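All remarks here apply to the structure that follows.
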Amino acid sequence: MTANKIFRTALIWGGVIAVLIGVVGAIIGWNIDGSVGLTSALIGAVVGAAFLSITAASILFANRYAASDMYVTIFFGVVLGGWLLKFVLFLVLAIVLRDQPWINLLILFTSVIASAVATLVVDTIIVMKGRVPYTAPSVAGDGTENAS
Amino acid sequence: MDPIILAEVTGNLNTVGYGLAAIGPGIGIGIVAGKTVEAMARQPELAGRLQVTMFLGIAFTELLAFIGVALFFLG
């Protein structure tokens, strides 16, 4: 039994909140540093939300193998591997963007943190409101027919 | 080397800061994942609920790491 519905909702609302943070950040960034601030705020909003959403996306992907005998191994391999990959990507991105003349670091990382915190708040609300039943009827084709 | 200086650090201290920032989330994610494995082994039928709780645990832990890494680049 899996809780794919909650993760899908979290992904969708994470995207919505990233757009909101991006718009607000772009306006603030434009007022502080013109087009450089706008670009930095937009990139920061996308990176923050995308990297927090990778967890939900990796869980959704791993749940495709719910029927497998190796489900637990695959699940933690995918989820924790995705987590590690995300941090490597984040470090590479930060090192590459650090010396670019069209990036304002302060706005970029403020935007990343704002976007990540906002996504976390949304995720928390969705998980608290989400109802996961103890048992669920299998739906043909969702990969959970034989899952325990 | 100046005999008065007993120890000196060369290079960027931010790198040490990143190392320190990686310890907490590393321990955190280990506990979250390890405990979820344990719980899923005990009660496989609760996997869905445990995954949701784990998702929240991972999200909180990685936010800490994100802030640590972001400050590393800002400093």
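The values are calculated or read from the model by the stated rules, or taken from the named source; none is laboratory data. All values derive from a computational prediction rather than experimental measurement. Neighbour counts are summed over all protein chains in view; Cβ atoms, including those assigned to glycine, are modelled from backbone coordinates with ideal geometry. Ligands, DNA and RNA are stripped out before the accessible areas are found, and what is left, the full protein with its side chains, is counted by its heavy atoms. Shrake-Rupley method; radii C 1.70, N 1.55, O 1.52, S 1.80 Å.
Values computed for the structure shown
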quantity	calculated
Cα centroid of the range A:26-57 to Cα centroid of the range B:38-75, whole Å	23 Å
FRET efficiency estimate (nearest 0.05) - Cβ-Cβ, residue A:80 to residue B:74, R0 41 angstrom	0.90
Chains B and A, summed buried accessible surface - 1.4 Å probe, Å², nearest 100	3400 Å²
Shielding by partners, peptide B:39-49 (average Cβ within 10 angstrom, other chains)	5
Potential extension, residue B:15-residue B:37 segment - 0.36 nm per residue separation minus Cα distance	4.7 nm
In sequence order, calculated HN-Hα J values of the range B:14-26 (Karplus, 6.51, -1.76, 1.60; Hz; x Gly/Pro)	4, 5, 5, x, 5, x, 5, 5, 7, 5, x, x, x
Spacing of the two label points (7 Å from each Cα toward its C-beta) at residue A:19 and residue A:117, in nm	2.4 nm
Counting all C-alpha pairs of the range B:20-74, share separated by more than 18 Å (%)	39 percent
Candidates A:78, A:121, A:96, ranked by Gaussian network fluctuation over chain A, Cα under 10 Å, top entry	A:96
Cβ charges +1 (Lys, Arg) and -1 (Asp, Glu), total dipole of the protein assembly as shown, debye	600 debye
Estimated inter-spin distance, residue A:88 and residue A:8, nm [label 7 Å along Cα→Cβ]	3.1 nm
Helix-only CD estimate at 222 nm, as mean residue ellipticity for chain A, using -39500 (n - 2.57) per DSSP H run (n ≥ 4)	-28000 deg cm²/dmol
Globularity index of the protein assembly as shown, i.e. its alpha-carbon radius of gyration over 2.2 N^0.38 Å	1.18
Average Cα contact separation per residue, the range A:4-127, under 8 Å, 6 or more apart, as relative contact order %	40 percent
Prolate/oblate/rounded call for the range A:4-127, Cα gyration tensor, a/c under 1.5 rounded	oblate
